[in-house]
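Shown next, in structure tokens, is the structure this report addresses.
Coordinate-derived values only; no laboratory data. Computed from a prediction, not measured in an experiment: that's the story for all the values here. Cβ atoms come from the backbone with ideal geometry, glycine included; neighbour counts cover every protein chain shown.
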Amino acid sequence: MEITYNLKPDSERRIEQFKPDGDVGFGKLRTDHMFLMDYRDGEWQDPRIVPYAPFEMAPGAMSLHYGQSIFEGAKAYMHDDGEIYTFRLDKNAERMNRSAEIVCIPYLDEQVQLDAINALIDVDRLWFPMQQGACMYIRPFIFATEDRLSVSPSNQYTFCVMISPSGAYYAAGVNNAIRLLISKKFHRAVSGGTGASKAAGNYAASLRAGKAAAEYGAAQVLYLDSTNTQIEEVGAMNHFHVLKDGTIIIPEFTDTILQSITSKSIMELSEILGCEIRQETVMLDQFIADIQSGEIVEAGGFGTAAVVSPVGSYIFEDNTVVTVGDGKVGKHIQRIYQVYTDIQNGKMAGPEGWVKKVERTRQA
Ligand SMILES: Cc1ncc(COP(=O)(O)O)c(C=O)c1O
């Protein structure tokens, strides 16, 4: 792919490595540039890196009206050699196309996506925040741009990649367990719907439930299936629990659950972690009974943002609270977090091909 570069002049862009004083937070900062590519006349075209700036878009652009828009989320890390490495980005590119299929967006070659992201990180590498545990958050997304008000798939799209220097999710490791609201009122997805995609609308649909969770003192919602009998996933994480023999259980992937790259990676690490990890249907009643009997000793969520979020307790809409173990962060979760972040940060060798260096193809 031949990318066109229209870069900011040196006087307007970062020319020294970013060394933030305080915590930069998550997703707040932008870099100097973004990657763009358009789909029109039946093909993806005009790959380019341009200054980060607002889009010009028709008020009738179909993504604004009918939500035909998808995204991905990934992270890159700086290793001790001073180079930036992406983590399993090929899996994000694959998932982008699974999402695309679900909301009728045209296929975008996975190598094109990877080349786009690598080229952008390379150009803006001085924006990598030099801070313990920091990362470069990567946000690729595709949205419909055709100016038309009839409901059918758009004929025009834009693929954009933006990156955001972000701080450590846990400044001092996984210390705090969160509470989740198990909702029988709100549902994230139904079979036959868009739950298995990272479609923008899924997140709009979760906002009201998220507000309700906050009213219960919960960080997020643990969604059930539409019959309120099975555990599905959390708003932005897959769910898991740990049995007292150390076995990790993740709900089976269905068409209502997003296939988390973190979950899949942890399943692939079972040998290194030294425990059995399996997927199965998790019935709500059995889950609660197993927590109460002590058969389940830990629980949490897997996702790119935090890697693992330990859950100390669950609350129902009738205010019943169920505490997992002693309500604190358990040893299995601590170990998963340590191994996973060591691989991401290049402190430990992971499986072949998981971390890939962002090549220096341009003068920074
Ligand atoms: C609904 C949902 N489930 C699960 C996940 C975790 O997926 P991953 O591990 O690929 O970040 C996310 C975040 O991307 C999500 O939005």
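Excluding R362 itself, what net charge comes from residues whose Cβ is under 10 Å from its Cβ, given Lys and Arg +1 and Asp and Glu -1? Provide the component values of the computation, followed by the final result.
Working: positive: R125, R360; negative: D122, E359.
Charge balance near R362 sits at 0.
Can you sort H65, H239 from fewest to most other Cβ atoms within 10 Å of each residue's own Cβ? The partial results should precede the final answer.
Values: H65 13, H239 25.
By the 10 Å Cβ count, ascending, the order reads H65, H239.
For segment 4-168, what does the alpha-carbon gyration tensor say about shape, rounded, prolate or oblate, given a ≥ b ≥ c as the root eigenvalues, a/c under 1.5 as rounded, and a/b over b/c as prolate? Prolate, since a/c reaches 1.5 and a/b exceeds b/c.
Let me check I've understood the local charge: for T323, count other residues with C-beta under 15 angstrom from its C-beta, Lys and Arg +1, Asp and Glu -1. What total comes out? Can you show the working numbers first?
Values: positive: R179, K328; negative: D290, E295, E298, D326.
Around T323, the charge tally is -2.
For the chain, what is the relative contact order in percent, using Cα pairs closer than 8 Å and at least 6 residues apart in sequence?
19
Cross-link partners among lysines for K357, C-alpha distance below 19 Å, same-chain residues fewer than 8 apart left out? In chain and number order, the partners are K75, K91, K347.
Could you tell me which of rounded, prolate or oblate describes segment 97-169, using a ≥ b ≥ c as the square roots of the eigenvalues of the alpha-carbon gyration tensor, with rounded for a/c under 1.5 and, failing that, prolate when a/b is larger than b/c and oblate otherwise?
Working: a/c = 2.71, a/b = 2.42, b/c = 1.12.
In terms of gyration-tensor shape, prolate.
Do the sum for the chain: with -39,500 (n - 2.57) for every DSSP H run of n ≥ 4, divided by all residues, what is the mean residue ellipticity at 222 nm, to the nearest 500 deg cm²/dmol?
On the way: 9 runs with 83 residues, N = 364.
When only DSSP H runs of four or more count, the value is -6500 deg cm²/dmol.
The Cα atoms of the chain define a convex hull whose projected area, averaged across directions, is 18.7 nm².
For segment 262-350, the list of GluC sites (Glu not before Pro) that fall in a loop by DSSP and count at most 15 other C-beta atoms within 10 angstrom reads E276, E295, E317. Each of Y157, Y337 was scored by other Cβ atoms within 10 Å of its Cβ. Arranged with the fewest first, they read Y337, Y157. Straightening the chain between D10 and K184 buys 57.2 nm, computed as 0.36 nm per residue apart minus the Cα-Cα spacing. When you filter the GluC sites (Glu not before Pro) in segment 72-139 for DSSP loop state and at most 10 other Cβ atoms inside 10 Å of their Cβ, nothing is left. Loop-located GluC sites (Glu not before Pro) across segment 1-50 with a Cβ neighbour count of 11 or fewer within 10 Å are E2, E16, with loop assigned by DSSP.
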